[in-house]
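Q: This is the structure, below, for whatever I ask next.
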Amino acid sequence: MKCAAIALMLTPAIVLSQVQGPAHEHGTGYVDIAFSDQAFTLSLNVPSADIIGFEGPAETDDDRAQVAVAVSDLSKPLGLFVLPEEAGCVTASANVTLTGEGLGQDNTTKSADQDQHSDFLADYLIQCQDITALVNIRFAYFERFENAQKLILQVTRSGQTRTYEITRNQPDLAM
């Protein structure tokens, strides 16, 4: 029963991040956060250029290493989105994918001068002992990814949805 509840909580976030597909704008990522009981989902959609500095296929060993490090870092959400210790939050699940144009083996359909767009998509389920203590989030994400400039957040809590803009210069969200 508990697994079914977690799956139901995570499914809308996954569908939302993959169906709505926000505009691809370098420097800008999109985050959807949905709270319920003692957990919340967080879905991140960000251009790969913001995370690894390039788009399209990883062509060199250095490129592949950058992608591997980025996936590893993005798989640890509580290092990127810092929550109050009093909330007692842990990562229940983390799913990170790199998706986009030009990532497959056959790139013959695109000429070399055409833009290739790729995005990192990450979906997390965070469980907290005391969700009421979750009154702010510090976005250490900007410290880790130097090309990231802003995140557009859509936060759903207690039946209300609010939109916030978090920037490199103002990386804190008070809720």
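Q: So, of the residues in segment 65-83 that are over 13 Å from the mean Cα position of the chain (by Cα) and within 25 Å of Val135 (Cβ to Cβ), which turns out to be least open to solvent (accessible area, probe 1.4 Å)?
A: That would be Leu83.
Q: Oh, and also: What are the residues in segment 52-64 that are of a type in the set (Val, Ile, Thr) and either under 16 Å from Asp123 (Cβ atoms) or surrounded by fewer than 15 Cβ atoms within 10 Å (Cβ to Cβ) (or both), if any?
A: Selection gives Thr60 alone.
Q: Right, here's the next one. Of all residues in segment 14-51, which are open to solvent by less than 40 Å² (accessible area, probe 1.4 Å) and either at pLDDT below 85 or farther than 19 Å from Ala94 by Cα (or both)?
A: Of everything in segment 14-51, those that are open to solvent by less than 40 Å² (accessible area, probe 1.4 Å) and either at pLDDT below 85 or farther than 19 Å from Ala94 by Cα (or both) turn out to be Ser17, Gly27, Thr28, Ala49, Asp50.
Q: If you go through segment 118-175 one residue at a time, how many are of a type in the set (Asp, Glu), out of contact with any Phe, Trp or Tyr (no Cβ under 9 Å at 6 or more places or on another chain) and open to solvent by 80 Å² or more (accessible area, probe 1.4 Å)?
A: Residues in segment 118-175 being of a type in the set (Asp, Glu), out of contact with any Phe, Trp or Tyr (no Cβ under 9 Å at 6 or more places or on another chain) and open to solvent by 80 Å² or more (accessible area, probe 1.4 Å): 3 in total.
Q: Starting from segment 133-151, keep only residues that are on the phi > 0 side of the Ramachandran plot and without any contact (Cβ under 8 Å) to a residue 60 or more places away in the chain, then list their pairs with residues that are surrounded by fewer than 21 Cβ atoms within 10 Å (Cβ to Cβ) and not in a loop (DSSP other than H, G, I, E, B) whose Cβ atoms are within a distance under 7 Å, requiring at least 6 positions of separation or different chains.
A: none
Q: While we're looking at this one, here's another question. For Glu86, work out the one condition from (1) farther than 20 Å from Asp119 by Cα; (2) buried (at least 18 other Cβ atoms within 10 Å of the Cβ); (3) acidic (Asp, Glu) it doesn't fulfil.
A: (2)
Q: What strands (runs of 3 or more DSSP E), lying completely within segment 117-175, carry at least 2 residues that are over 17 Å from the mean Cα position of the chain (by Cα)?
A: 160-167
Q: Here is a list of conditions, (1) modelled with pLDDT of 95 or more; (2) buried (at least 16 other Cβ atoms within 10 Å of the Cβ); (3) closer than 20 Å to Gln149 by Cα, and Val96 meets all of them except one; can you say which number that is?
A: (3) is the only condition that Val96 fails.
The values are calculated or read from the model by the stated rules, or taken from the named source; none is laboratory data. Predicted, not measured: the structure shown is a model, and the values here were computed from it. Note that each Cβ is placed from the backbone with ideal geometry, even for glycine, and that neighbours are counted across all protein chains shown. The accessibility values were calculated without ligands, DNA or RNA, using every heavy atom of the protein model including side chains. Shrake-Rupley method; radii C 1.70, N 1.55, O 1.52, S 1.80 Å.
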